[in-house]
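Q: There's a structure below that I have some questions on.
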Amino acid sequence: MGSEELEFVANLDNAMETKDINVWFGERQVLANVNLEFQTNTVTALIGPSGCGKSTFIRTLNRMHELIPSAKLAGRVMLDDEDIYAAHVDPVDIRLKVGMVFQKPNPFPSMSIGDNVLAGLKLAKRKVEDADFILEDSLRKAGLWDEVKDRLKTSAGSLSGGQQQRLCIARSLVLKPQVLLMDEPCSALDPGSTRRIEETIKELRESVTIVIVTHNMQQALRVSDYTAFFLSEEGHPGHVVEYGLTNDIFHEPKDQRTDDYVHGRFG
Amino acid sequence: MSKALSDTPTQPWKTVDPEFRKQQLITHLGTPVLALLFTVISPMAGFTGFCVTWFGFHVFAAALLAKYGKKPKSYANAFIEVFVGVTIFVFVAFVSTVLWPVISNGMAGVSHLNLLFQDAGKVGADASLDKGGFGHAIVGSALMIGLASLISVPIGILAALYVTEVRGKLTPFVRFFVQAMSGVPSIVAGLFIYSALIISGILQYSGFAGSLALSILMLPTVARTAEEILRLIPDDLRTAALALGGTQWRTVRMVVLPAAKSGLITSAILGIARVAGETAPLLLTAFGNNVLNVNPFSDSMAALPSYVFNQMLLGGDNDMARAWFATFVLLIAITILFTSARIVADRMKRN
C-alpha cells in the first residue's frame, strides 16, 4: 500500500474513538486503559495472543459486551461525538450503526438466503422498500451475488462455511453501518474462502470503517491500514502495546515485544 | 498382476461363527425350559415368577457362555448385551399384559360404531351394545382438553421464555414452582378448583372448571419441555440477531421461536397426552354427564376416562364391554398424539 494513500487516509475524521476502556468480568480485570482511534474508511487490525482481550474489546464497541451477566466496564466509546454508553443511548441504535461479523458463521437456519440478508431490516422493523435492489447490492458487496443469485429462496444452511460467512457480512451491510466489527471472520474458513473475504474487506473499505480481530499476521498485513498489538502479560490485564500504521508495526516496531510477536517468536 | 480375491461386496464383520451361533441357540432355548421347570418345582409361580427366573438363568448362562465359550475376550460385552436384551423382553412382556386385555376386550366394541356417536342419555344399566354410546364423552374430552391447551400452552411457553430468554430475577422461583407443580397429584388439582371456584360459587360444575383443573396438570409439562427445547437453540442465533440491532422481543419472535417451532408443538402435544387420561380431577370439576353437552361454561360434562370409571362401577357385562371399548379408543387417541409428537420432533432434528 503506497504511503501517499495512507497520508490521505490519515487526514480524515475519526469514525470511532475509545477513551480509557477498562473491562472486568466479575472481579477480574481483562483490559486496561485502551485508547484507540479508528479513522473513517480505514481497516484496523487488532492482533495479539489468545486471551489478551481483543475479542472482549471489539464487543465493547457495539455494546455486545453487556450481554454477559458478569461484565463491567469503565471508559468511553465515542461515535459521532457521543459516548455510546451514555445513559440515554439505546444499545439497539448503536448495534444498527456498528455492525458485527462473528468468528463462526451464524446465518439464521430457519430462513432462506434472501430472508437472511433482509433479516436485519425486519428485526429493526424498518420498511423494506426495494428488496430486490437491496439484496443484489449487499450480496454483491459481500462478493456472494454470483454464487447465490439463482437460489435466494433456498435455505441458508445449504451454503458452504465461506459462503455463510459472506452471507453474514451481506446481512450486516444491509443496515448501512458506519463501522463494521469483524471478530476473526476467517478463522473457521479454508484459504480460498479467506481470500474471498479479504477481497471483500478491501472493497468495503470505500464505504465503511472496519475493525478486524485476527490471529493471522499475513492477513493483518494484507488487509489493514492500521494495527494495534494487544498483550496481556502475566498477572496484568490486556493492554495496547503498540498502535500505528500496519507497515510500521510489522516492519519498524518500536517495542521489542511487538517485534517478537509479529515475527512469530512468541504467542 | 495378482488376481483380486473377490469382487463381490460383503460385510465380513456380520458373518457369525457357526459354533458361537450354536452356543447362543442353546442358551436362548435352554434357559426358558429351565425356568419353566423351576417355576413348577419351586414356590416361584405364575407368569411373573417365570419371567424373573428366566431372566436370572439367562443372564447367568450368558455370563458362563461368555467366560468359557467361544469368544471369552468379549465376555463383558456379551454379558451386557444379553442383560439389556432380556430386560427389554421382560419389560415388553409386562407392558403387553396391560395392553392385551384393553385390545382384546376393546375389539368387541369395534363392530358397534353407534358407541362412538351416540350418548348414554336413554340407556339403562347393562343395555345391549347396540344402544347408545359415549359420543358425549369423546366430545367432552376433546372440548376440555382443547380449552386446557388454550390456557396452558401459551402460559407454559411464556414461562419457558421467561426462564431461557428474559432470565429475570424471578427465574429460580419460576423453575421451582414449575418443578413443584409437576409433582402435584392430579386429584389435588381437581380439589383446588373444586374448593377455590366451585364451593365458593364462582363456577358451577362445568367443562370449563374441568379444563382449569387439567391446565394445572398440563402447565408444568409444557413449561419444562418448552424450556428444554429453547435451550437447544444455539446462542449464536440470539447473538447474531441482537448484533443486527434486534430488540429482545423481536429476536425471540423472528429468530428463536421460528427455530424452535416444531419443538414447541411437541411440548404442547406432550402436555395434552399428560392429561388425556386423567379421571380424578374431572370427577370434582366437570362431574360427568350422560348426555351430550357442547357448552363448556354451563352444566356438567363427561370425559372418556370418567365415562370408563362410571361404567366400571355399574359392573354389568355390557357396561364392562363399553368401558373396555372406551379405554381402547382413548388408548388409540393417545398413541396417535405421541406418534405425531415423535414425527414433529424428528422433523425438527432433520432441520
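Only the coordinates and a few stated rules stand behind these numbers; no lab work does. The shown structure was predicted, so the numbers you read here are calculated from the model rather than taken from an experiment. A quick note on method: Cβ atoms are made from the backbone with ideal geometry, for glycine too, and the neighbour counts reach across all protein chains shown.
Q: Which of the GluC sites (Glu not before Pro) found in the stretch A:119-182 are in a DSSP loop and have at most 14 neighbouring Cβ atoms, other than their own, within 10 Å?
A: A:GLU129
Q: Then there is this: Using only Cα atoms and rounding to the nearest 10 degrees, what angle (0 to 90) does helix B:18-41 make with the longest principal axis of chain B?
A: In chain B, helix B:18-41 runs at an angle near 60 degrees to the longest axis.
Q: If each residue's Cβ is checked for other Cβ atoms within 10 Å, how do A:CYS186, B:CYS51 rank with the fewest at the top?
A: In increasing order of surrounding Cβ atoms, one gets B:CYS51, A:CYS186.
Q: To the nearest 0.05, what FRET efficiency results for A:GLU206 and B:LEU150 with a Förster distance of 45 Å applied to their C-beta separation? The partial results should precede the final answer.
A: Numbers: r = 55 Å, r/R0 = 1.22.
Calculated value: 0.25.
Q: Whole number please: convex hull volume per residue, Cα atoms of the protein assembly as shown, in Å³.
A: So the per-residue Cα hull volume is 308 Å³.
Q: Further question: When the chain is fully extended, how far beyond the present Cα-Cα distance does B:LEU313 get from B:LEU25, taking 0.36 nm per residue of separation?
A: 98.8 nm
Q: Turning to a different aspect of this structure: In percent, how large is the relative contact order of chain A, given Cα pairs closer than 8 Å and 6 or more residues apart? If you can, show how the numbers build up before the last one.
A: Numbers: 500 pairs, mean separation 68.0, N = 267.
Contact order relative to length: 25 percent.
Q: Next question, about the same structure. If you filter the stretch A:123-192 for trypsin sites (Lys or Arg not before Pro), then keep DSSP loop positions with at most 11 other Cβ within 10 Å, what is left? The partial results should precede the final answer.
A: On the way: sites: A:LYS125, A:ARG126, A:LYS127, A:ARG140, A:LYS141, A:LYS149, A:ARG151, A:LYS153, A:ARG166, A:ARG171; in loops: A:LYS125, A:ARG126, A:LYS127, A:LYS149, A:ARG151, A:LYS153.
Within the stretch A:123-192, the qualifying trypsin sites (Lys or Arg not before Pro) (loop, at most 11 other Cβ atoms within 10 Å) are A:LYS125, A:LYS127, A:LYS153.
Q: So if R0 is 60 Å, what FRET efficiency would B:PHE173 and B:VAL40 give, r being the distance between their Cβ atoms, rounded to the nearest 0.05?
A: Efficiency computed from Cβ-Cβ geometry: 0.50.
Q: What does the helix-only formula give at 222 nm for chain B: each DSSP H stretch with n ≥ 4 adding -39500 (n - 2.57), the total divided by the residues, and the result rounded to the nearest 500 deg cm²/dmol?
A: Numbers: 14 runs with 238 residues, N = 351.
Theoretical 222 nm ellipticity from helices: -22500 deg cm²/dmol.
Q: Could you give the size of the charge dipole of the stretch B:135-350 about its Cα centre, using +1 on the Cβ of each K and R and -1 on the Cβ of each D and E, expressed in debye and rounded to the nearest 20?
A: On the way: 15 positive and 10 negative charges, 169 e Å.
Roughly 820 debye, rounded to the nearest 20.
Q: Just the Cα atoms of the stretch B:17-108, one point each, no solvent: what log10 I(q)/I(0) does Debye give at q = 0.14, 0.17, 0.19, 0.22 Å⁻¹?
A: -0.59, -0.78, -0.89, -1.05
Q: Let a ≥ b ≥ c be the square roots of the eigenvalues of the Cα gyration tensor of chain B; is it rounded (a/c under 1.5), or, if not, prolate (a/b larger than b/c) or oblate?
A: Oblate, because a/c is 1.5 or more while a/b does not exceed b/c.
Q: Whole angstrom only: what separates the Cα centroid of the stretch B:97-120 from the Cα centroid of the stretch B:223-293?
A: 33
Q: Kindly state, to the nearest 0.05, the FRET efficiency for A:ARG126 paired with A:GLU66, given R0 = 25 Å and r defined as their beta-carbon distance.
A: For R0 = 25 Å, the calculated efficiency reads 0.60.
Q: Net charge within 15 Å of A:LEU159 by Cβ-Cβ distance, Lys/Arg positive one each and Asp/Glu negative one each, not counting A:LEU159 itself?
A: Taking every Cβ under 15 Å from that of A:LEU159, the sum is +2.
Q: Calculate the dipole size of the stretch B:17-108 relative to its Cα centre from +1 charges on Lys and Arg beta carbons and -1 charges on Asp and Glu beta carbons; express the result in debye to the nearest 20.
A: Approximately 280 debye in magnitude.
Q: Here's something else I'd like to know. If exposed means no more than 14 neighbouring beta carbons inside 10 Å and the site is in a DSSP loop, what's the longest run of chain B without any exposed trypsin sites (Lys or Arg not before Pro)?
A: Numbers: sites that count: B:LYS3, B:LYS122, B:ARG167, B:LYS169.
Free of exposed loop sites, the longest segment is B:170-351.
Q: Now for a separate question. Give me the angle, in degrees from 0 to 90, between the Cα long axis of helix A:191-204 and the longest principal axis of the Cα atoms of chain A, rounded to the nearest 10.
A: That works out to roughly 90 degrees.
Q: Provide the net charge surrounding A:ASP130, with neighbours chosen by a C-beta distance below 12 Å and charges set as Lys +1, Arg +1, Asp -1, Glu -1.
A: Taking every other residue near A:ASP130 into account, the sum is -3.
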